[in-house]
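Only one structure is covered here, and it is reproduced in the block below.
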Amino acid sequence: MPTIVLVAGANLGAWAWEHVTPRLAAAGHDVHPLTLTGFGDRAHLTSPQVTLGTHADDIVAALEVADLRDVVLVAHSYAGAPATLAAARLPGRIARLVYVAGAVPEPGKSLFETAEPGFEQAIRHFADTAGDGWLVPMVNDEVLDMAFGDHGLGDDHKVWLRGRGVGQPLGCYTDPAPADLGAVDRLPRT
């Protein structure tokens with residue numbers, strides 16, 4: 001069975017996979033949910049210096065330290081960007097890159113540069129009004145519903161997310177991806 005590494009999106013940690021991980025393990029997979037710097041049990045490490053590159057380093061380090069190979073790297077939402085950067089650095093360890101509503105970075109561009117019109121303005125507004133100009137707070141239900149449409153989350157799920165979700169450093173959106181992501185193009189991606 002493949003080794004599966006799970007990386008949750010903005011504001012979330014490994015805890016976001018707690019309903020998925022046992023099912024995958026029961027099916028015989030070696031499952032590794034990760035928490036990126038500044039989220040979940042690593043929330044105390046957040047700072048204005050945390051960037052997209054920091055999160056790519058987190059994924060690379062997790063794969064190298066655990067000596068994981070033939071990995072199915074599953075990335076949700078924002079995590080698609082740092083997972084792509086990590087996969088570009090360690091293509092020999094990745095069997096497949098799976099995006100779950102994932103952000104796919106463009107070489108040499110930040111996530112703000114590739115986002116839909118209005119995204120950067122809205123994110124910067126949240127950071128300016130509720131995050132000291134550098135931290136984007138967990139979105140409220142209204143923004144969640146507006147931005148993510150029919151996400152299928154009930155009120156109990158939203159309470160669960162809100163209880164554990166934390167702010168995300170603005171640098172995750174402003175840090176450009178490396179100009180060369182060529183190795184990723186050769187990896188199987190879903």
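Side notes on the structure shown:
- Test: residue in the range 40-55 that is of a type outside the set (Phe, Trp, Tyr), out of contact with any Gly (no Cβ under 9 Å at 6 or more places or on another chain) and modelled with pLDDT of 95 or more: no
Yes/no per residue for (1) more than 19 Å from Gly40 (Cβ to Cβ); (2) at pLDDT 85 or above; (3) touching a strand residue (DSSP E or B) at 6+ places or on another chain (Cβ under 7 Å); (4) loosely packed, with under 14 Cβ neighbours inside 10 Å:
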| site | (1), (2), (3), (4) |
| --- | --- |
| Asn140 | yes, no, no, yes |
| Ala147 | yes, no, no, yes |
| Lys158 | no, no, no, no |
| Thr174 | yes, yes, no, no |
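- Any hit, the range 27-37, residues being touching a His at 6+ places or on another chain (Cβ under 8 Å) and over 20 Å from Gly163 (Cβ atoms): yes
- Checked against (1) over 19 Å from Val184 (Cα atoms); (2) in contact with a Leu (Cβ under 8 Å, 6 or more places away or on another chain), Trp15 passes all but a single condition, namely (2).
- Selected residue (only one of Ala87, Ala81, Ala101, Ala43 is within 11 Å of the chain's Cα centre (by Cα) and open to solvent by less than 50 Å² (accessible area, probe 1.4 Å)): Ala81
- Matching residues, the range 156-186, being out of contact with any helix residue (DSSP H, G or I) (no Cβ under 9 Å at 6 or more places or on another chain) and of a type in the set (Gly, Ala, Ser): Gly163, Ala179
- Residue satisfying all of: in the range 113-132; over 17 Å from Asn11 (Cβ atoms) and open to solvent by less than 90 Å² (accessible area, probe 1.4 Å); farthest from the chain's Cα centre (by Cα) among these: Gly118
- Only helices (runs of 4 or more DSSP H) whose full extent lies in the range 1-119 are considered here, and the ones with at least 3 residues that are in contact with a strand residue (DSSP E or B) (Cβ under 7 Å, 6 or more places away or on another chain) are 21-26, 52-65, 80-89.
The values are calculated or read from the model by the stated rules, or taken from the named source; none is laboratory data. This structure is a prediction, so every number in the text was calculated from the model and none was measured. Cβ: placed from backbone, ideal geometry, glycine included. Neighbour counts: every protein chain shown. Ligands, DNA and RNA are stripped out before the accessible areas are found, and what is left, the full protein with its side chains, is counted by its heavy atoms. Shrake-Rupley method; radii C 1.70, N 1.55, O 1.52, S 1.80 Å.
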